[in-house]
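Structure record follows, encoded as structure tokens.
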Amino acid sequence: MLLPFSAEIKLPLLMPDVQPKVKDSYLCMAFQMPRSFSTYIMEFEPNATMHTAHHILLFGCSVVGYRERDTPRAVWDCGEMGGVGRGSQYRRAPVCSEGSHIIYAWARDAPKLTLPEGVGFKVGGRDSGFNYLLLQVHYANVDKFIAGETENSGIILTVVPGISSRVTKRAGVLLLGTDGRIPAHKEGRFSAE
């Protein structure tokens with residue numbers, strides 16, 4: 001957990017030497033944000049390669065899907081996107097139980113993302129709605145883990161305190177998606193009805 005601070009700091013959100021052994025594992029880990037003060041995220045620096053992680057999502061949650069009282073860095077199988085379930089050595093639970101919002105997505109060796117000057121994602125505190133940051137890593141290929149390796153993919157955040165004058169505009173994510181399907185070798189037709 002963060003303690004009150006007055007300058008920009010780096011906050012590493014990294015998997016703790018995980019070793020998924022089932023193909024297409026989705027692993028999650030929560031990071032509790034302080035309730036007594038807010039923080040602004042200004043930069044996302046990936047700590048991953050596409051040879052290990054297929055993609056990474058960072059969620060803001062009001063309540064996480066799984067938590068162990070004595071293990072604040074618990075890792076769980078959160079394979080909601082088609083997920084693992086059977087065969088995983090990790091306990092299965094949803095990403096978030098309440099208030100799930102994607103804040104950041106990474107894939108295919110994308111570079112770091114620095115938000116425009118004066119813009120930041122507000123997390124923590126009493127009014128942000130994000131009591132936790134939730135790191136989800138999709139491991140498509142697990143061969144190296146079966147051979148005994150572990151790894152620490154994740155994201156290193158650059159954050160400033162909520163009282164900082166450096167942030168004058170709050171960032172947000174507009175996520176558009178569809179549950180529609182187009183069969184192979186067919187043409188899709190869309191209308192604005």
Margin query: Can you tell me which of (1) of a type outside the set (S, T, N, Q); (2) surrounded by fewer than 22 Cβ atoms within 10 Å (Cβ to Cβ); (3) assigned to a strand (DSSP E or B) is the one F59 doesn't meet?
Written below: (2)
Margin query: Of the conditions (1) modelled with pLDDT of 95 or more; (2) part of a loop (DSSP other than H, G, I, E, B), P46 satisfies every one except a single condition; which number is it?
Written below: (2)
Margin query: Taking the condition of being polar (S, T, N, Q), open to solvent by less than 80 Å² (accessible area, probe 1.4 Å) and either in contact with a Cys (Cβ under 7 Å, 6 or more places away or on another chain) or at pLDDT below 75 (or both), how many residues in the range 156-193 meet it?
Written below: 0
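Can you name the residue in the range 31-43 that is open to solvent by 10 Å² or more (accessible area, probe 1.4 Å) and in a strand (DSSP E or B) and is also farthest from R108 (Cα to Cα) among such residues?
Within the range 31-43, the first condition is being open to solvent by 10 Å² or more (accessible area, probe 1.4 Å), and the residues that meet it are 31-32, 35-38, 40, 42-43.
Okay, now just the ones that are also in a strand (DSSP E or B), so 31-32, 38, 40, 42-43.
Numbers: F31: 24, Q32: 28, S38: 31, Y40: 26, M42: 21, E43: 18 Å.
So, considering only residues that are open to solvent by 10 Å² or more (accessible area, probe 1.4 Å) and in a strand (DSSP E or B), the one farthest from R108 (Cα to Cα) is S38.
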Checklist line | the range 60-80 residues that are farther than 27 Å from A140 by Cβ and touching a residue at least 60 places away in the same chain (Cβ under 8 Å), paired with ones that are exposed (fewer than 13 other Cβ atoms within 10 Å of the Cβ) and not hydrophobic (A, V, I, L, M, F, W, C) (beta carbon under 8 Å, 6 or more apart) | finding: S62/E98; V63/E98
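Name the residue that is least open to solvent (accessible area, probe 1.4 Å), counting only residues in the range 85-125 that are of a type in the set (S, T, Y) and over 25 Å from F5 (Cα atoms). It would help to see each step written out before you state the result.
Step one: list which residues in the range 85-125 are of a type in the set (S, T, Y), which gives 88, 90, 97, 100, 104, 114.
Applying the additional criterion that residues be over 25 Å from F5 (Cα atoms) yields 88, 90, 97, 100.
Details: S88: 27, Y90: 46, S97: 70, S100: 63 Å².
Residue satisfying both the conditions and the ranking: S88.
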Checklist line | Verdict on T39 being closer than 24 Å to G120 by Cβ and in contact (Cβ under 8 Å) with a residue 60 or more places away in the chain | finding: yes
Margin query: Condition (residue is modelled with pLDDT of 95 or more, open to solvent by 30 Å² or more (accessible area, probe 1.4 Å), among the aliphatic types (A, V, I, L, M) and outside any loop (DSSP other than H, G, I, E, B)) applied to the range 13-30: is it met by at least one residue?
Written below: yes
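The values are calculated or read from the model by the stated rules, or taken from the named source; none is laboratory data. Since the model is a prediction, treat every value here as computed from it, not as a measurement. Neighbour counts are summed over all protein chains in view; Cβ atoms, including those assigned to glycine, are modelled from backbone coordinates with ideal geometry. Only protein heavy atoms, including side chains, enter the accessible area calculation; ligands, DNA and RNA are left aside. Shrake-Rupley method; radii C 1.70, N 1.55, O 1.52, S 1.80 Å.
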